[in-house]
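Written out below as structure tokens is the structure these notes cover.
The values are calculated or read from the model by the stated rules, or taken from the named source; none is laboratory data. What you see is a predicted model; the values in this text were computed from it and never measured. Positions of Cβ are backbone-derived with ideal geometry, glycine not excepted, and every protein chain shown enters the neighbour counts. Note: accessible area is taken over every heavy atom of the protein model, side chains too, but ligands, DNA and RNA are not part of it. Shrake-Rupley method; radii C 1.70, N 1.55, O 1.52, S 1.80 Å.
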Amino acid sequence: MTQASPASHSNRFRPAELRSFAITGLFALAVVYTLSIARELLLPIVLALFLALLLTPLVRLLHRIHIRGILAPALVLLLLLAGISVAMYELWTPASEWVARAPQDLKKLDTKVRKLLHSLENVTRTAATVDQMTDVGPTSDTPQVAIKEPTVSELILGGAWHFTANLLITLVLAFFFLSTGGGLLRKLPRILPREHAERFLIIVHEAESQISRYLVSVTAINAILGLITAVIMALFGMPTPVLLGVVAAVLNFMPYIGPVIMAGLLGMVALITLPDVGQALLPPLAYLALHALEANFLTPLLLGRRLPLNPLAIFLGFMFWLWIWGVPGAVLSVPILVTVKVICDRTERLAVVGELLGR
């Protein structure tokens with residue numbers, strides 16, 4: 001009896017492996033396409049889920065003091081909504097002033113930037129040449145169509161209404177997650193086989209615990225960063241330091257690009273506000289130094305070795321979710337990555353993926 005050679009043995013399974021690879025690739029493409037086209041539906045659900053995980057410790061604290069049922073999540077969400085409303089009311093005036101002064105401030109910024117570039121003769125000569133080449137006046141034979149662009153105020157108001165509607169939807173969904181999530185999990189043993197239900201519950205509880213701690217820690221870190229940023233900007237004489245601190249705290253949820261955007265924003269505001277160029281460099285440099293301290297000392301101190309993630313995985317996840325869901329996806333990229341890692345670490349078949357996502 002002849003035995004099959006190793007080469008023929010490997011070739012026997014190659015078509016099946018190719019089919020499996022093709023099916024996996026098609027499934028991945030279907031998931032990406034679904035995430036993209038269902039953005040308006042899925043984004044509030046994901047936001048509400050992570051918000052519920054963030055607020056779970058407060059709800060449990062209320063349960064310990066005998067505030068139970070739907071009253072505990074309702075009270076927490078009402079306090080959150082009140083805090084957001086007060087913050088928006090306090091920040092609306094300085095933000096609207098910035099919007100009203102935007103044309104004048106941009107002209108002032110353009111003037112200062114041109115003065116900085118005035119010494120670079122080649123740059124100015126090239127710009128002048130390009131302006132002369134592209135400065136073609138309208139002819140009598142060519143009709144001109146004027147398209148009315150929406151004003152900055154109209155864009156801001158439209159975005160505010162959209163934000164308010166999504167915020168209300170997210171809060172309602174978070175309320176249902178907080179009030180009914182435990183009941184749904186308790187029903188799993190009636191639906192699934194007992195051993196599968198028990199393993200699933202273990203994964204859910206561990207993921208909830210780990211992600212909740214992570215979200216609370218990151219939110220506290222960003223709040224501290226925003227507070228210190230506001231104090232430093234006030235010391236430098238920057239306008240609306242509280243608004244700048246809030247923006248710094250929000251942008252710090254976006255890895256890598258958030259601090260870069262904040263440093264650029266501070267540089268622009270400083271050039272507009274401060275009289276000297278040397279002084280205008282101090283606020284963004286101080287913020288970058290503060291961010292370096294936060295990233296290298298405060299974050300490792302509060303998070304420790306909990307949920308260590310590969311920096312390359314963080315960057316790739318950030319780019320992916322920014323592409324799929326825009327700025328909200330960029331903010332959610334790290335929490336989503338943390339969730340995926342926790343699930344993979346607790347699932348035997350996906351342990352390899354969890355190892356790749358880790359340091």
Search result, residues across region 256-271 that are open to solvent by 20 Å² or more (accessible area, probe 1.4 Å), farther than 20 Å from ALA87 by Cβ and not hydroxyl-bearing (Ser, Thr, Tyr)
ILE257, VAL260, ILE261, GLY264, MET268, LEU271
Just one listed residue, out of ALA72, ALA100, is touching a helix residue (DSSP H, G or I) at 6+ places or on another chain (Cβ under 6 Å), at pLDDT 75 or above and surrounded by 10 or more Cβ atoms within 10 Å (Cβ to Cβ), and it is ALA72
Read through the list (1) part of a helix (DSSP H, G or I); (2) in contact (Cβ under 8 Å) with a residue 40 or more places away in the chain, then give the number of the only condition that PRO239 fails.
(1)
Just checking, which of VAL250, VAL331, VAL342 is out of contact with any Ser or Thr (no Cβ under 6 Å at 6 or more places or on another chain), within 30 Å of VAL31 (Cα to Cα) and either open to solvent by 50 Å² or more (accessible area, probe 1.4 Å) or outside any helix (DSSP H, G or I) (or both)?
VAL250
Does ARG359 count as surrounded by fewer than 20 Cβ atoms within 10 Å (Cβ to Cβ), of a type outside the set (Phe, Trp, Tyr) and outside any helix (DSSP H, G or I)?
yes
Go through LEU285, LEU316 for me and flag whichever is open to solvent by 50 Å² or more (accessible area, probe 1.4 Å) and closer than 29 Å to SER209 by Cβ.
LEU316
Name every residue in region 345-356 that is open to solvent by 60 Å² or more (accessible area, probe 1.4 Å) and within 19 Å of GLU208 (Cβ to Cβ), in order of residue number.
ASP345, ARG346, LEU350
Restricting the search to region 147-172, which residues are open to solvent by 50 Å² or more (accessible area, probe 1.4 Å) and either at pLDDT below 70 or in contact with a strand residue (DSSP E or B) (Cβ under 8 Å, 6 or more places away or on another chain) (or both)?
ILE147, LYS148, GLU149, PRO150, THR151, VAL152, SER153, GLU154, LEU155, ILE156, LEU157
For region 173-193, which residues satisfy the criterion of being farther than 26 Å from LEU43 by Cα, at pLDDT 70 or above and open to solvent by 90 Å² or more (accessible area, probe 1.4 Å)?
ILE191
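Conditions (1) within 30 Å of LEU266 (Cβ to Cβ); (2) out of contact with any helix residue (DSSP H, G or I) (no Cβ under 8 Å at 6 or more places or on another chain); (3) open to solvent by 30 Å² or more (accessible area, probe 1.4 Å), marked per residue:
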{"position": "GLU195", "(1), (2), (3)": "no, yes, yes"}
{"position": "ARG199", "(1), (2), (3)": "no, yes, yes"}
{"position": "LEU215", "(1), (2), (3)": "yes, no, no"}
{"position": "ALA220", "(1), (2), (3)": "yes, no, yes"}
{"position": "LEU225", "(1), (2), (3)": "yes, no, no"}
{"position": "MET233", "(1), (2), (3)": "yes, no, no"}
{"position": "PHE236", "(1), (2), (3)": "yes, no, yes"}
{"position": "PRO239", "(1), (2), (3)": "yes, no, yes"}
{"position": "VAL242", "(1), (2), (3)": "yes, no, yes"}
Scanning region 18-68 residue by residue, those of a type in the set (D, E, K, R), open to solvent by 70 Å² or more (accessible area, probe 1.4 Å) and in a helix (DSSP H, G or I) turn out to be ARG19, GLU40, ARG60, ARG64
